[in-house]
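Written below as structure tokens is the structure these notes are about.
The values are calculated or read from the model by the stated rules, or taken from the named source; none is laboratory data. Computed from a prediction, not measured in an experiment: that's the story for all the values here. Note that we place each Cβ from the backbone using ideal geometry, even for glycine, and neighbour counts take in every protein chain shown. Just so you know, the surface numbers come from the protein's heavy atoms only, side chains and all, with ligands and any DNA or RNA stripped out. Shrake-Rupley method; radii C 1.70, N 1.55, O 1.52, S 1.80 Å.
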Amino acid sequence: MRYEFAPLEGITGYIYRNAHQAFFPSMDAYYTPFLTPKKGKGFTAREKNDIAAEHNRGIRVIPQLLTNRPEGFLAAAERLAEQGFSEVNLNLGCPSGTVAAKKKGAAFLGEPEELDRFLEAVFRDCPLEISVKTRIGVEAPEEFDRLLPIFNRYPIKQLTIHPRVLRDFYKNSPRLEVFARAQAESENPVCYNGDLFCRADVERFSAQFPETDCLMLGRGMLINPMLVENLRENSRPEVSRIRAFYGRLAEDYREVLSGERDVLFKLKELWSWQGQLFEGAEKHLKRLCKTQSLAEYQAAAEALFAECPVKEKLP
């Protein structure tokens, strides 16, 4: 089985990727949070930092692009090729309202003829291999019956399917019956993404879809950053390593962010997921969320690590 780390906007940038790879070197690939090509402009300073070679040594990183303009996609792909990347990923999965309003991300799926023209243009001229991360439609899962034949016309390196529609956002259950049809009928390699939060979820999915050989994990990795290692080695999370991982994140964010407030925001956002791993952590998480300085935060985190064991039945 291959395991890939989903792009999570504002979270899985190069600081997080490097720390994760250092402590839990188990992932087959990491995807960048989406880069947004802008007409007549290059990448932003933040985007340049995230894809810089010196920030991604020893890690297989796949840049993801969010656009509905073939010329923007191709210009960005040219710049990525110059930096040594061999693959680029097209985001057809983001359900954000601000993204959807511009007919990008999952909203682009609502324009199948335009999407077909876009894919024809980028596959004709792109210097990189192209993979795609997609939802199954905008309003209804039946839309994928029209979308899959479009995808089948192109040599997509990997089609990662999150079997929800845009309107689901992250509610409702993934439509596994749609994924089953897609896997059977796809002319391209298929990867699954959606609601795999723990070992039991992965094992249940793999029993139902034994032919699936690639999984993209996102929110489950934030709950348990050791999830893939635990799957590969039949092991359990180690508090000492997770504690050291969070220590490194705090130090690395301090080096690049403008003040303690920004560092605390990043760390607290991660703890909204990480806290689900620990038994009886509620009071410690409340204390942690109220901290106003890194010293207070570190004391709260230390108390949580010391007093709260990993749940026997993981979330």
Please verify whether the stretch 73-87 includes one or more residues that are part of a strand (DSSP E or B) and either more than 30 Å from Lys171 (Cβ to Cβ) or of a type in the set (Phe, Trp, Tyr) (or both). yes
Could you go through the stretch 220-243 and let me know if any residue there is without any contact (Cβ under 8 Å) to a residue 12 or more places away in the chain, in a helix (DSSP H, G or I) and open to solvent by 10 Å² or more (accessible area, probe 1.4 Å). yes
Which numbered condition Ile161 fails, given (1) modelled with pLDDT of 95 or more; (2) open to solvent by 80 Å² or more (accessible area, probe 1.4 Å); (3) in contact with a helix residue (DSSP H, G or I) (Cβ under 9 Å, 6 or more places away or on another chain): (2)
Is one or more of the residues making up the stretch 24-31 modelled with pLDDT of 95 or more, open to solvent by 40 Å² or more (accessible area, probe 1.4 Å), within 27 Å of Arg117 (Cα to Cα) and in contact with a helix residue (DSSP H, G or I) (Cβ under 9 Å, 6 or more places away or on another chain)? no
Of the residues in the stretch 149-203 that are part of a loop (DSSP other than H, G, I, E, B) and among the aliphatic types (A, V, I, L, M), the one that is nearest to Leu227 (Cα to Cα) is Leu196
Which listed residue is in contact (Cβ under 8 Å) with a residue 60 or more places away in the chain, surrounded by 15 or more Cβ atoms within 10 Å (Cβ to Cβ) and closer than 19 Å to Ala19 by Cβ, from Tyr246, Tyr253: Tyr253
Evaluation of Ala182 against (1) open to solvent by 10 Å² or more (accessible area, probe 1.4 Å); (2) at pLDDT 95 or above (one fails), failing number: (1)
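Let's see how each residue does on (1) surrounded by fewer than 18 Cβ atoms within 10 Å (Cβ to Cβ); (2) closer than 19 Å to Thr160 by Cβ; (3) in contact with a strand residue (DSSP E or B) (Cβ under 8 Å, 6 or more places away or on another chain); (4) modelled with pLDDT of 95 or more:
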{"site": "Asn18", "(1), (2), (3), (4)": "no, no, no, yes"}
{"site": "Gln21", "(1), (2), (3), (4)": "no, no, yes, yes"}
{"site": "Ser86", "(1), (2), (3), (4)": "yes, yes, yes, yes"}
{"site": "Gly93", "(1), (2), (3), (4)": "no, yes, yes, yes"}
{"site": "Leu109", "(1), (2), (3), (4)": "no, yes, yes, yes"}
Here are the criteria: (1) in contact with a helix residue (DSSP H, G or I) (Cβ under 8 Å, 6 or more places away or on another chain); (2) in a loop (DSSP other than H, G, I, E, B). Tell me which single one Asn49 does not satisfy. (2)
